[in-house]
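What follows draws every value from the coordinates through simple rules; no lab data is involved. Given the structure is predicted, the values throughout are model-derived calculations rather than measurements. Neighbour counts run over all protein chains shown; Cβ positions are idealised from the backbone, glycine included.
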2 protein chains.
Amino acid sequence: MSHRRLTQMLGYEFRDPEILERALTHRSASSGHNERMEFLGDGLLNGIVGELLFHRCPKATEGDLSRLRASLVREESLAVIGSALKLGDEMNLGSGELKSGGFRRASILADAVEALIAAVYLDGGFEQTRAMLARVFEDRLNNLPDPASLKDAKTRLQELLQAQARPRPEYGVERVEGPPHKQRFHVHCRLPDSDEIEQAEGSSRRIAEQRAAQLMIDRLEP
Amino acid sequence: MSHRRLTQMLGYEFRDPEILERALTHRSASSGHNERMEFLGDGLLNGIVGELLFHRCPKATEGDLSRLRASLVREESLAVIGSALKLGDEMNLGSGELKSGGFRRASILADAVEALIAAVYLDGGFEQTRAMLARVFEDRLNNLPDPASLKDAKTRLQELLQAQARPRPEYGVERVEGPPHKQRFHVHCRLPDSDEIEQAEGSSRRIAEQRAAQLMIDRLEP
């Protein structure tokens with residue numbers, strides 16, 4: 001396959017087309033697949049998007065930069081990029097994945113985006129990779145979300161209480177129900193100075209605590 | 001401070017000494033501290049150590065590469081590097097941190113190593129940073145652990161069972177005890193084909209499950 005449309009969208013022309021072909025080969029199609037390249041691309045993506053944010057947001061704190069980066073490089077975001085690059089049409093997938101529509105699966109698209117980043121690095125080096133990522137992420141970097149909106153509920157609740165000089169909330173598991181693999185965690189979030197309590201449940205302690213924290217925020221900020 | 005010994009150990013001479021000074025400034029000492037540089041250095045470290053491993057270990061799977069990288073860049077490993085570089089003697093710390101021995105704290109040393117990586121990048125660019133990290137990690141890259149030894153107990157148990165064509169183990173929380181913030185999770189690990197059970201407890205579900213898995217491994221591999 002020539003992949004001309006893809007390389008035009010990336011703004012990068014490969015010297016060695018085999019590197020690109022490998023980046024587009026899912027493990028279901030061949031032993032010459034892209035999984036090691038995914039690993040390489042994932043690390044470079046974190047480093048380079050971090051650097052782009054570092055320069056783009058000179059006032060952002062370390063925490064804000066971390067949250068912004070996490071929002072840009074998470075699987076869903078990469079899958080949207082993979083979709084826009086129409087990677088589903090360019091990938092080499094085994095017949096099982098093809099039949100089951102694997103080319104539309106978020107994880108396969110996101111992994112292929114990471115492998116593509118590695119391919120540009122292996123073929124063209126760091127500066128070419130950085131330039132390609134600056135292009136691919138340009139719109140997103142120009143329209144960054146408010147970092148505060150990316151904070152999780154437990155963090156937001158803690159900051160809300162801190163701003164009112166109130167003590168930290170307490171979380172506790174009340175009970176765990178259901179058979180293994182389908183257990184439900186029932187937790188509470190309690191404000192020690194007022195004894196206000198919110199309860200929530202979820203498939204993990206973490207999820208249940210986030211829900212309870214959100215309920216407490218809703219109670220405090222009606 | 002001239003930091004001549006430090007730059008000799010790093011094998012990198014800074015054009016702008018202020019960048020190095022900032023990398024060595026903890027938030028307890030000045031508003032011109034190194035926290036944003038930590039963020040930048042952490043991402044570059046992951047990307048570059050990943051690339052060094054990618055080339056060093058051409059047969060390693062993605063999972064092995066991930067485990068090897070995690071072992072090289074975790075806080076304890078970076079603190080050892082910070083100690084060897086004698087960063088405690090070179091850092092700018094506030095009086096509180098100085099009195100409490102903060103210069104010996106693993107987290108402060110590890111964060112300063114990350115900030116140093118950012119400093120080399122901002123001052124000298126990617127290739128200089130890569131060369132410096134290849135030097136700093138040279139011994140560790142020449143003496144990599146067996147990736148299998150880095151797997152956690154749940155993973156090792158699952159692979160052990162898989163090799164014997166046995167079904168996956170089941171984990172379940174039996175009960176949660178204690179006041180909030182000091183809760184103990186009691187869990188079991190059960191083999192569904194033989195009804196063998198091991199129980200363990202811990203301060204989180206994850207920790208307790210890892211312990212129960214290790215007990216089950218000990219039972220199966222006496």
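Remarks
- FRET efficiency for B:Arg5 and B:Ala70, using Cβ-Cβ distance with R0 set to 30 Å, rounded to 0.05: 0.50
- This ranking places B:Asp218, A:Asp42, A:Asp123, B:Asp195 by how few other beta-carbon atoms lie within 10 Å of each, fewest first, which gives B:Asp195, B:Asp218, A:Asp123, A:Asp42.
- Pseudo-label separations to other copies for B:Lys86 - Cα-to-Cβ vector, 7 Å, nm: 6.2
- Debye log10 I(q)/I(0) at q = 0.18, 0.25, 0.29, 0.32 Å⁻¹ for the range B:171-221, Cα point scatterers: -0.52, -0.84, -1.03, -1.16
- Expressed in units of 2.2 N^0.38 Å, where N is the residue count, the Cα radius of gyration of the range B:90-138 is 1.38.
- Think of the range B:1-94 as a dipole: +1 on every Lys or Arg Cβ, -1 on every Asp or Glu Cβ, centred on the Cα centre; then among B:Ala60, B:Val49, B:Leu85, B:Ala60 lies furthest on the positive end.
- Take each residue of peptide A:169-181, count the partner chain Cβ atoms within 10 Å of its Cβ, and average: the result is 4.
- Prolate/oblate/rounded label for the range B:120-222 (Cα gyration tensor, a/c 1.5): oblate
- Rounded to the nearest 20 debye, dipole of the protein assembly as shown from Cβ charges on Lys, Arg, Asp, Glu: 220
- The range A:1-108: C-alpha gyration tensor shape, a/c 1.5 cut-off, then a/b vs b/c: prolate
- Taking label positions 7 Å along the Cα-Cβ direction at both A:Glu35 and A:Gln199, the computed distance is 4.5 nm, reported to one decimal.
- Three-way shape label, the protein assembly as shown, alpha-carbon gyration tensor, a/c 1.5: rounded
- C-alpha long axis of helix B:126-136 to longest principal axis of chain B, angle in °: 70
- Rotational relation A to B, axis-closest Cβ in chain A, residue and distance rounded to whole Å: A:Gly47, 2
- Dipole in debye (nearest 20) - chain A, about Cα centre, beta carbon charges: Lys, Arg +1; Asp, Glu -1: 220
- Each other copy places its own label point for B:Arg206 at 0.6 nm from this one, sorted shortest first, where the point lies 7 Å along the Cα-to-beta carbon line.
- Cβ-based net charge around B:His26, under 15 Å, with every Lys or Arg adding one and every Asp or Glu removing one: -3
- Likely footprinting exposure, B:Glu90, B:Glu38, A:Glu174, A:Glu114, fewest C-beta neighbours within 10 Å first: A:Glu174, B:Glu90, B:Glu38, A:Glu114
- Averaged over peptide B:50-63, the number of partner chain Cβ atoms lying within 10 Å of each residue's Cβ comes to 4.
- Straight Cα distances below 23 angstrom link A:Lys151 to the lysines A:Lys59, with same-chain residues fewer than 8 positions distant left out.
- For A:Ser31, inter-copy separations between label points set 7 Å beyond Cα along the Cβ vector come to 6.2 nm, shortest first.
- Unit charges at the beta carbon, dipole of the range B:166-222: most positive-side option, B:Pro169, B:Gly202, B:Val187: B:Gly202
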